[in-house]
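The values are calculated or read from the model by the stated rules, or taken from the named source; none is laboratory data. The model shown is predicted, which means the values in this text are computed figures rather than measured ones. Here the Cβ is made from the backbone with ideal geometry for all residues, glycine too, and neighbour counts use every protein chain on show.
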Amino acid sequence: MNAFDFHRPASTADASATLGRSADGRLIAGGQSLLPAIKLGLAAPSDLIDLSGVAALRGITRQPDAITIGAMTAHAEVARSELVRAGIPSLADLADGIGDQQVRARGTLGGSLANNDPAACYPAAVLALKASIRTDRRSIEADEFFTGIYQTALEPEEIIESVRFAQPLVAAYIKFRQPASHYALVGVFVARFADGVRVAATGSAACAFRVPALEQALSASWSPAAARGVKVNAADLNADLHASAAYRAHLIPVLAARAVVAAR
């Protein structure tokens, strides 16, 4: 492991300034992705800027039609939050199924979104729940945030502060889990709102994406049969040793149908 300088700022302004001064600095939230990458030699930052000392980045608040979660809130905190379980229980269920106990205790919402792993669970929730990502500079709508594999709309030195999730009428997330990593081989989040249905898939392409055909079918008929009747094009989907693109395309409507049944 290469040597690096370690910083623990008390504010996002200090964190951003430290990042800007460093030769090749990296922000660290829960460290569940970055630290293994450093140990494997896949990343060699000159500086690590630890966000755990920024108290303003933690916490959960509930509004009449939404829930806002601080970027440094751990998955386990989301999973056990009474506010989340009362307002968007599907989001708490999603958080409770991420990784293992250690990952849930240390991993954070903001870290997951900034890393944008193609198989991460939270991006599907962000897209399906009409989320907006607030940074230290602006607010980014969910549909504009994920831009490619491990890529987002975040600018250099921009820091996620919180995420606001719209409260649906009902919703559910169903994940076909990769047994070793517990990442989503395919994950589908379905959310029903007064103005229609939003469906997002993860684990299937370069990054999470919405599935318009399922949204249209379920907006017309909120039923498992409507979801199962949709055919997803496999052309742009991932293929690896765990599943072919065709298999992932098959799983998306199957999991969407299960999510309709499980929605609450």
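Worth a mention:
- Check on residue 196, in contact with a Leu (Cβ under 7 Å, 6 or more places away or on another chain), within 17 Å of residue 128 (Cα to Cα) and small (Gly, Ala, Ser): no
- All of (1) over 30 Å from residue 22 (Cα atoms); (2) surrounded by fewer than 16 Cβ atoms within 10 Å (Cβ to Cβ) hold for residue 174 with one exception: (2).
- Some residue of the stretch 238-254 being touching a residue at least 12 places away in the same chain (Cβ under 8 Å), on the phi > 0 side of the Ramachandran plot and in the same structural domain as residue 185 (by TED's automatic domain parsing): no
- Scanning the stretch 165-188 for residues being closer than 23 Å to residue 242 by Cβ and not in a strand (DSSP E or B) gives a total of 6.
- Candidates 109, 127, 94, 113: the one that is of a type in the set (A, V, I, L, M), buried (at least 23 other Cβ atoms within 10 Å of the Cβ) and touching a Cys at 6+ places or on another chain (Cβ under 8 Å) is 94.
- Residue 245 falls short of the stated requirement of being within 27 Å of residue 32 (Cβ to Cβ), surrounded by fewer than 20 Cβ atoms within 10 Å (Cβ to Cβ) and not basic (Lys, Arg).
- Count of residues meeting criterion [within 20 Å of residue 69 (Cα to Cα), over 15 Å from the mean Cα position of the chain (by Cα) and aromatic (Phe, Trp, Tyr)] in the stretch 164-192: 0
- Filtered residue count, the stretch 5-41, keeping only those that are of a type in the set (Asp, Glu) and within 16 Å of residue 155 (Cα to Cα): 1
- Being within 26 Å of residue 211 (Cα to Cα), in contact with a strand residue (DSSP E or B) (Cβ under 7 Å, 6 or more places away or on another chain) and of a type in the set (D, E, K, R) is a description that does not apply to residue 58.
- The number of residues in the stretch 2-52 that are on the phi > 0 side of the Ramachandran plot and either in contact with a strand residue (DSSP E or B) (Cβ under 6 Å, 6 or more places away or on another chain) or surrounded by fewer than 17 Cβ atoms within 10 Å (Cβ to Cβ) (or both) comes to 1.
- Considering the stretch 1-104, the qualifying strands (runs of 3 or more DSSP E), each wholly inside and each with 2 or more residues that are modelled with pLDDT under 95, run over 5-7, 25-28, 47-50.
Residue by residue, here is whether (1) free of Cβ contacts under 8 Å to residues at least 12 places away in the same chain; (2) among the hydroxyl-bearing types (Ser, Thr, Tyr); (3) surrounded by fewer than 16 Cβ atoms within 10 Å (Cβ to Cβ) holds:
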{"site": "155", "(1), (2), (3)": "no, no, yes"}
{"site": "161", "(1), (2), (3)": "no, no, no"}
{"site": "180", "(1), (2), (3)": "yes, no, yes"}
{"site": "187", "(1), (2), (3)": "no, no, no"}
{"site": "194", "(1), (2), (3)": "no, no, yes"}
{"site": "223", "(1), (2), (3)": "no, yes, yes"}
{"site": "227", "(1), (2), (3)": "no, no, no"}
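- The residue list 254, 232, 260 contains one member that is among the aliphatic types (A, V, I, L, M) and within 27 Å of residue 68 (Cα to Cα), which is 260.
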